[in-house]
Amino acid sequence: MGLKIQNLTLKHFRAFRELRISGLGRVNLITGKNNTGKSSVLEALHIFAHGAALDVISHVLERREGNIRVEGEGRTADRERLIQISTLFYGFPEPSDFTEPIVISTKDNSCPMRLTMQVGWFSEERGTDGNLRLVPLQADSFDEPDDVAALVVETQNKKKRILALERLERYSYLSRISAPGSETQIPCIFVSPYDERTAILAPLWDRISLTKFENHVVEALQIIEPRISAVNMIYDENSNIGRKAIVRIENIDRPVPLRLLGDGVNRLLDIALSLINAREGILLIDEFENGLHHTVQFDAWKTIFLLARELNIQVFATSHSWDAVEAFQQAAAETPEEGALVRLTRRGEEIIPTVFAEDELAIVTRNRVEVR
């Protein structure tokens, strides 16, 4: 099974003027101090894998609160949207300064891909066929109230899409699964660092319910609660949360709500469902250790390594925790698939990656070298 991405380049995205990472493995852990761009790497991969689908871009803006409106005198709605979308671009450019496109690319023989995103202003004109089309305007000429701000997306095959920014407001990220019709290039699931409502996970459960993959979910939950023998999602008519997860526990005659078993079990449900649904694609886990006691992290990582191999998934995770790093190294050493640790370090305005392969990571953890 070939890796999806071995080398990654990000240009003008978030805090990265330019970031090049080589030597990525099947399972990758990204570490670094605050404000070094760990989560930004995951966001770039999320956008990249889905071909800059608007629902995914909307999600990336929402989770960083980049979609909050800021009132300003004389601002049109599209100028406001440009200020929101500028949070994706290096240096947070002003509406008139979107000169450098975002570039996300790989150069691997197995998966050479490139995605660029640029902002422009357009006017709506009706063609000879009677259909409206967007015509580019010069950067200093967007003064008319009917002018349209749009994101211009170009993929590997030079195919361009013009996405009017007003369409971002139509999307609400209700599911980990992208909406039908999105420009998905690689299956990709993003696991939030925050405690997700079970209803968000329900569509992931529906895709594996009554299949062999249910057993993988149960085995993941057993890392914390060995007595769990089955799991299901049900509607709760007496609650406004929609669906909730229940489990069967040995020696208990009635179903038990999974929420009663604590944050760790629910975090494992989140990771396991997302992992299985990312098969043949990419799984992104932000702040892996959230909710997981250090004593269960080795088994959690081992499950990720084994399923990543079985289901042909490439995993990218972030962490601040030394326990997570140490457990990651131990799991990597016990499985045949390759793991890599990427440390991001800020040097002035630049962010520098250092990649530790498995053998180097073993030395790092044995000597307690600081890599967080």
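The values are calculated or read from the model by the stated rules, or taken from the named source; none is laboratory data. Since we're looking at a predicted model, the values are computed, not measured. Glycine gets a Cβ as well: all are built from the backbone with ideal geometry, and neighbour counts include every protein chain shown.
How about the stretch 277-327: which of its residues are among the β-branched types (Val, Ile, Thr) and out of contact with any helix residue (DSSP H, G or I) (no Cβ under 6 Å at 6 or more places or on another chain)? The answer is ILE285, THR295, VAL296, ILE304, ILE313, VAL325. Any residue in the stretch 292-302 that is within 24 Å of the chain's Cα centre (by Cα), in the same structural domain as THR31 (by TED's automatic domain parsing), of a type outside the set (Asp, Glu) and farther than 20 Å from TYR194 by Cα? Looking for residues that are within 24 Å of the chain's Cα centre (by Cα), in the same structural domain as THR31 (by TED's automatic domain parsing), of a type outside the set (Asp, Glu) and farther than 20 Å from TYR194 by Cα, one finds at least one in the stretch 292-302, hence yes.
From the set of residues in the stretch 37-56 that are in contact with a Ser or Thr (Cβ under 7 Å, 6 or more places away or on another chain) and modelled with pLDDT of 95 or more, which is surrounded by the fewest Cβ atoms within 10 Å (Cβ to Cβ)? In this case the residue turns out to be SER39.
Look at (1) out of contact with any helix residue (DSSP H, G or I) (no Cβ under 7 Å at 6 or more places or on another chain); (2) crowded, with 17+ Cβ neighbours inside 10 Å; (3) assigned to a helix (DSSP H, G or I) and you find that GLY264 fails only one, number (1). In the set (1) at pLDDT below 75; (2) loosely packed, with under 13 Cβ neighbours inside 10 Å, the condition left unmet by PHE142 is number (2).
So how many residues does the stretch 328-355 have that are more than 16 Å from GLY25 (Cβ to Cβ) and of a type outside the set (Val, Ile, Thr)? Explain how you work it out, then say what you get.
First, pick out the residues of the stretch 328-355 that are more than 16 Å from GLY25 (Cβ to Cβ): 344-352.
Subset that is of a type outside the set (Val, Ile, Thr): 344, 346-350.
Qualifying residue count for the region: 6.
Within the stretch 242-260, the set of residues being outside any strand (DSSP E or B) and of a type in the set (Lys, Arg) comprises ARG254, ARG259. Within the stretch 206-228, the residues that satisfy the criterion of being in a helix (DSSP H, G or I), in contact (Cβ under 8 Å) with a residue 60 or more places away in the chain and surrounded by fewer than 21 Cβ atoms within 10 Å (Cβ to Cβ) are HIS216, GLU219.
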